[in-house]
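The values are calculated or read from the model by the stated rules, or taken from the named source; none is laboratory data. Since the model is a prediction, treat every value here as computed from it, not as a measurement. Note: ideal-geometry Cβ built from the backbone for every residue, glycine included; neighbour counts use all protein chains shown. The accessibility values were calculated without ligands, DNA or RNA, using every heavy atom of the protein model including side chains. Shrake-Rupley method; radii C 1.70, N 1.55, O 1.52, S 1.80 Å.
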Amino acid sequence: MSLKYPEKILLAIESSCDDTSAAILKGNKILSNFIANQAIHEEYGGVVPELASREHQKNIVPVVAQALKMANLEKGDLDAIAFTQGPGLMGSLMVGGSFAKSLALGLNLPLYAVHHMHAHILAHFIDDAGEKQPEFPFMCLTVSGGHTQIVLVKSAVDMQIVGQTIDDAAGEAFDKTAKIMGLPYPGGPLIDRYSKEGDPQAFAFSKARLEGFDFSFSGFKTSVLRVLEKEMKVNPQFIEENKYDLCASIQWTIVSTLLDTLERAAKEHGIQQIAIAGGVSANSALREGLETLAQKHGWTAFIPKFEYCTDNAAMIAMAGMFQLMHGREVALDTPNKARLAF
Ligand code: KG4
Ligand code: ZN
C-alpha cells in the first residue's frame, strides 16, 4: 500500500554540519536538491565549526535561489517551509534555521521543524529514492559521521532507537582510521574506493560485541593504531605498501559489525524489512552486504539512492512533508538544538 501525499510545494533547508543545501518537494517528488559542499575543512582534517557557520552564511542565499531556479519556481509558488532543527553544530544550524524562519514569516507560510536523523530515514519515501519503498514497521541502520543507530521505524513520527554506539559513530570509525593511515578527510569514501583492490581478511582488527544491539568502535580504532605503529617501526613504507589490504580489512570490520548487529535486531523484533540511511550508507560493501543479508533470510532490503545518503535537503523536505501531513506546524520562535532528543 503506497502512501498518499498532499500536492503541496515545500522548500527545505539543511545546514546542520558542513553542507548548505536547499530542496523543493511536491508531494513526494523532488523538484530540486542543490548542495554547496565546503572544501575548506579538508586541510584541517575535520569540520571546523566556526568556519562552517561562516560558509553557510555565504552560501545560504545563493543555494536557496538556485534550488528555486532548478525547480523552475518563484518564492510565491511555495506552500510550506521546513528546516533542520537539530542535532548538529549550533552555529551551522542557526544559519539555516533563521533563514527558514525569515522566509516563512515574509511569505506567511507554515513552518516545519525536522530532526536530521529522522530525515535520513525518511529519505526512503522520496519517490525516486529506490526501486521500492519500505512499509511501516521497518528496521533502519542509520550510519553517519555523528551517529550510528538501529531504529525501529513504526511510523514517520514514531521511531524507537533499539541500539546505538556508545563511543564513535561508524563514519568516525572510517574517518579516524583513514586519518591514522594518513588519508585526507573525509576518509570514508577513500577507504571504500581502495577496498575494492584489497583483501578484507588480510588483517584482523578487534571487533567489539556488546550486550543488546549497541556498538563500540573505540577499541577497533586503537587496534588499527597499534598494528600500524608496530609495523611502521619495522618498515616505514608499510602503510603505502599495504594500503589496499588495510582499507579492505578496516572496511570489512566496520561493515560486518554493523550488519551482524542489524541482523540480530531485526530477528529479535520479528522485522523482515531492513534499510540503511545516513552518509555511510553510500559505502559499497555495506550496500552489497545489506542485500546479501536480506537474501539470506528472505527479507527485503531498502537502499536509498546515493545522492540521498549523505547530507542533503531533499531528505529534510520529505521529513517536513510528513510533519505537514501530521499537522505539526511549529512557531517562528522554535529554537535550533545542537542536541535534539530523538
Ligand atoms: O550523513 P553524513 O553526510 O553527515 C553526517 O550527518 O555526519 O555522513 C558523513 C559520513 C562521513 O563520516 C563520511 O566519511 C561517511 O559518511 N561516508 C562514507 C562513504 N561516503 C560517506 N563512509 C564509508 N564509505 C563511503 N562510501
Ligand atoms: Zn547526516
Worksheet item: Which of the residues that make up region 267-281 are within 21 Å of Ala119 (Cα to Cα), at pLDDT 95 or above and assigned to a helix (DSSP H, G or I)?
Response: Val280, Ser281
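Among the residues of region 63-107 satisfying the criterion of being charged (D, E, K, R) and touching a residue at least 40 places away in the same chain (Cβ under 8 Å), which is nearest to Leu340 (Cα to Cα)? Write out each step before concluding.
Initial filter on region 63-107 (charged (D, E, K, R)): 69, 74-75, 77, 79, 101.
Still in the running and touching a residue at least 40 places away in the same chain (Cβ under 8 Å): 77, 79, 101.
Values: Asp77: 31, Asp79: 26, Lys101: 18 Å.
Only one residue fits best here, namely Lys101.
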Response to the item:
Gly46 meets each of (1) within 14 Å of Leu89 (Cβ to Cβ); (2) free of Cβ contacts under 8 Å to residues at least 40 places away in the same chain; (3) surrounded by fewer than 17 Cβ atoms within 10 Å (Cβ to Cβ) with one exception, condition (2)
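Being part of a strand (DSSP E or B), touching a strand residue (DSSP E or B) at 6+ places or on another chain (Cβ under 6 Å) and away from ligand 2 (no atom under 16 Å from the Cβ) narrows it down to one residue among Ile35, Ile13, Ile24; which is it? Give the steps one after another, and end with the answer.
Details: Ile35 fails: away from ligand 2 (no atom under 16 Å from the Cβ); Ile13 fails: away from ligand 2 (no atom under 16 Å from the Cβ).
Criteria check complete, one pass: Ile24.
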Item to complete: Would you be able to tell me the number of residues in region 143-181 that are open to solvent by 10 Å² or more (accessible area, probe 1.4 Å), in contact (Cβ under 8 Å) with a residue 24 or more places away in the chain and more than 15 Å from ligand 1 (Cβ to nearest atom)?
Response: 6
Fill in: Criterion violated by Leu190 - all others in (1) open to solvent by less than 60 Å² (accessible area, probe 1.4 Å); (2) in contact with a Phe, Trp or Tyr (Cβ under 6 Å, 6 or more places away or on another chain) satisfied
(2)
Practice prompt. Tell me which residues, restricted to region 133-142, are in a strand (DSSP E or B) and either free of Cβ contacts under 8 Å to residues at least 60 places away in the same chain or more than 12 Å from ligand 1 (Cβ to nearest atom) (or both).
Written response: Phe138, Met139, Cys140, Leu141
Discussion item. I'd like to check something: does region 252-274 contain any residue that is among the basic types (Lys, Arg) and under 19 Å from Asp168 (Cα atoms)?
Written reply: no
Response to the item:
Among the residues of region 98-132, the number that are away from ligand 1 (no atom under 16 Å from the Cβ), assigned to a loop (DSSP other than H, G, I, E, B) and either within 13 Å of Ala277 (Cβ to Cβ) or touching a Gly at 6+ places or on another chain (Cβ under 8 Å) (or both) is 2
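Would you confirm whether any residue within region 219-236 is within 16 Å of ligand 2 (Cβ to nearest atom) and not in a loop (DSSP other than H, G, I, E, B)?
No, region 219-236 has no match at all.
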Fill in: Cβ pairs under 9 Å, 6+ apart, first in region 208-233 and among the aromatic types (Phe, Trp, Tyr), second open to solvent by 60 Å² or more (accessible area, probe 1.4 Å)
Phe213/Gln164; Phe213/Arg264; Phe213/Glu268; Phe215/Gln164; Phe215/Ile166; Phe217/Lys176; Phe220/Lys207
Practice prompt. List every residue pair whose Cβ atoms lie under 9 Å apart, where the two residues are 6 or more positions apart in sequence or sit on different chains, the first residue falls within region 263-281 and is touching a residue at least 40 places away in the same chain (Cβ under 8 Å), and the second residue, located anywhere, is within 16 Å of ligand 1 (Cβ to nearest atom) and basic (Lys, Arg).
Written response: Ile276/Arg287; Ser281/Arg287
